[in-house]
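K.L.:
Structure incoming, see below.
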Amino acid sequence: MNPKTSNHNILWVLLMLLPVLSIAQQNSKQLTLSEAIQMTLQHNQLLLMDKAKIDAAIARVQQAEEKKLPELSASTSFLLLNQPGLDLKIATGNGQPPPSTNASLKVNTALIGMLNASVPIYAGGQIRYGIASAEYLVEAARLDATVNQQAVIQNSIAAYINLYKAAQTVKLIEENLKDEQQRVKDFTNLEKNGLLARNDLMRASLQASNVELALLEAQNNLKDASVNMCLMLGLPEQTELKVEAAAFEQTPTAGILSAWEDSAMLHRNELAAYGQRQQSIKAGMQAVKGSQLPSVAATGGYFSAHLQNIATISHALNVGVGVKYNISSLWKTKARLNELQANQQELQAATSLMQDKIRLEVNKSYEAVLLMQKKTEVYDKAIEQATENYRITNNKYNNGLATLTDLLDADLSLLRARLNKVNAKADATLAYANLLKAAGSLQPGFGK
């Protein structure tokens, strides 16, 4: 074959395979825990809803501030009149006294135009307290958003850990399955040479089949965990995610319980949001009380009119100060004040309940961290014990001092110990993340 033709064919094949290789690269992603958190925050719909709520609260502040702006109105009217009676009190242009009847004057139309402006000077504090009340609600909405953000971070960590555990389970079972298949292969050769009872070969084959079934189950769990993680990240469901074990190498410590409780009372944004809503209610009550006071405004206007056959008025300007007192507000605001006081009492009770709930969450999460620390220590010892037990049992079996059942049991015990250790380390990280959330300290940078 011509070398040039061969090289050309190879190049053509590589070019044909390039899209396939590109797709394969696009469908695989190395993912760290911190990256998973950041991507989840960017694609979570709940946080997008929170942003819309914050924008709406900011718009309400702007509405309250707009009440400080001048009121400006313009109007014009064209009127058709009947024959009115006229009694002019001013002299006419020829020095004659004004007519007392409409015998000589016919007024059938009137054209009137007006432009009025009003600038509030004092409104009993209604505007100022209205703005303050709306601003407190903006801050409450932002605090609510951070609460939801921490919940999203927690869910992201849990999903990542679930994916990690599923991947590690598949890996360990695959390794164990290779050992089981090798054992079956070795036993088959021994059985053919008459050095092993067929019953032992069947039992080894049965265990290999059971491990293979366990692997299928583990692979299915891994697929489910991967799809769930992809949906949270906004990635195609077919993306192969490769997680890292770096976040689980160290077992976090619990520290002191009282410090966690103090942190929770200080940093839990649920309590802070309740506090902002309390301030908003107080400002709202001041605004309602302010409506019982007189309001003062600077006024100005422009007036123009044309009365047929009578007069034309133009460029009539006026400025002044207006005082308004709504006397009915003295008895019409009582129900609104009662409603706000009831809301205030409701918030106080809710705050007390939230404080108890937070203390309970902190205590449960703290105990969970302590439990996972102890479990991790126990599983570390269990690994050593299971490894040594398998070594001893394998030596005994090779020397005819142990049965195949003992060997297979020791093998499964070692696999179970490895799986328990992997799960315990991952669960310890999740328990610590839950404790941080309970204390109000879980941040997007967790896992770095």
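The values are calculated or read from the model by the stated rules, or taken from the named source; none is laboratory data. Keep in mind it's a predicted model, so treat the numbers as computed, not measured. Here the Cβ is made from the backbone with ideal geometry for all residues, glycine too, and neighbour counts use every protein chain on show.
K.L.:
Going by the structure shown, is Ile121 surrounded by 15 or more Cβ atoms within 10 Å (Cβ to Cβ), within 60 Å of the chain's Cα centre (by Cα), modelled with pLDDT of 70 or more and of a type in the set (Val, Ile, Thr)?
P.N.:
no
K.L.:
Now for a separate question. So if I check each of Thr387, Thr393, Thr376, which one is more than 22 Å from Arg183 (Cβ to Cβ) and touching a helix residue (DSSP H, G or I) at 6+ places or on another chain (Cβ under 7 Å)?
P.N.:
Thr376
K.L.:
Would it be correct to say that Ala350 is among the small types (Gly, Ala, Ser), more than 30 Å from Val422 (Cα to Cα) and surrounded by 13 or more Cβ atoms within 10 Å (Cβ to Cβ)?
P.N.:
Judged against the criteria, Ala350 is a match.
K.L.:
Follow-up. Among the residues in region 51-73, are any small (Gly, Ala, Ser) and either at pLDDT below 85 or not in a helix (DSSP H, G or I) (or both)?
P.N.:
Scanning region 51-73 turns up at least one residue that is small (Gly, Ala, Ser) and either at pLDDT below 85 or not in a helix (DSSP H, G or I) (or both).
K.L.:
So which of Leu172, Leu137 ends up being in a helix (DSSP H, G or I) and within 30 Å of Leu206 (Cα to Cα)?
P.N.:
Checking each option against the conditions leaves just Leu172.
K.L.:
State whether the residues of region 316-323 include one that is surrounded by 10 or more Cβ atoms within 10 Å (Cβ to Cβ) and under 26 Å from Arg268 (Cβ atoms).
P.N.:
No, region 316-323 has no match at all.
K.L.:
Separate question: Answer with yes or no whether Glu346 is in a helix (DSSP H, G or I), touching a helix residue (DSSP H, G or I) at 6+ places or on another chain (Cβ under 7 Å) and within 30 Å of Ser441 (Cβ to Cβ).
P.N.:
no
K.L.:
Enumerate the pairs (first residue in region 40-69 and more than 22 Å from Met232 (Cβ to Cβ) and surrounded by 14 or more Cβ atoms within 10 Å (Cβ to Cβ); second residue anywhere and modelled with pLDDT under 85 and not charged (D, E, K, R)) with beta-carbon separation below 9 Å, excluding pairs fewer than 6 apart on the same chain, so at least 6 apart or on different chains.
P.N.:
The qualifying pairs are Lys67/Ala123.
K.L.:
Next up: Given the options Thr387, Thr405, name the one that is surrounded by fewer than 21 Cβ atoms within 10 Å (Cβ to Cβ), under 19 Å from Asn210 (Cα atoms) and among the polar types (S, T, N, Q).
P.N.:
Just one listed residue meets the conditions, Thr405.
K.L.:
So which of Gln219, Gln207 ends up being in contact (Cβ under 8 Å) with a residue 40 or more places away in the chain, more than 21 Å from His43 (Cβ to Cβ), surrounded by fewer than 17 Cβ atoms within 10 Å (Cβ to Cβ) and in contact with a helix residue (DSSP H, G or I) (Cβ under 9 Å, 6 or more places away or on another chain)?
P.N.:
Every option except Gln219 fails the conditions.
K.L.:
Sticking with this structure for a sec: Filter region 399-411 down to the residues that are out of contact with any helix residue (DSSP H, G or I) (no Cβ under 9 Å at 6 or more places or on another chain) and closer than 21 Å to Ser205 by Cα and list them by number.
P.N.:
Gly400
K.L.:
Would you confirm whether any residue within region 124-134 is over 35 Å from the mean Cα position of the chain (by Cα), modelled with pLDDT under 90 and surrounded by 12 or more Cβ atoms within 10 Å (Cβ to Cβ)?
P.N.:
Looking for residues that are over 35 Å from the mean Cα position of the chain (by Cα), modelled with pLDDT under 90 and surrounded by 12 or more Cβ atoms within 10 Å (Cβ to Cβ), one finds at least one in region 124-134, hence yes.
K.L.:
Going by the structure shown, is Glu180 surrounded by 21 or more Cβ atoms within 10 Å (Cβ to Cβ) and out of contact with any Lys or Arg (no Cβ under 8 Å at 6 or more places or on another chain)?
P.N.:
yes
K.L.:
Here's something else I'd like to know. Somewhere in region 420-433, is a residue part of a helix (DSSP H, G or I), of a type in the set (Phe, Trp, Tyr) and closer than 26 Å to Asp200 by Cβ?
P.N.:
no
K.L.:
Same structure again: What about Thr405, is it in a helix (DSSP H, G or I) and in contact (Cβ under 8 Å) with a residue 24 or more places away in the chain?
P.N.:
Considered against the rule, which asks whether it is in a helix (DSSP H, G or I) and in contact (Cβ under 8 Å) with a residue 24 or more places away in the chain, Thr405 comes out as yes.
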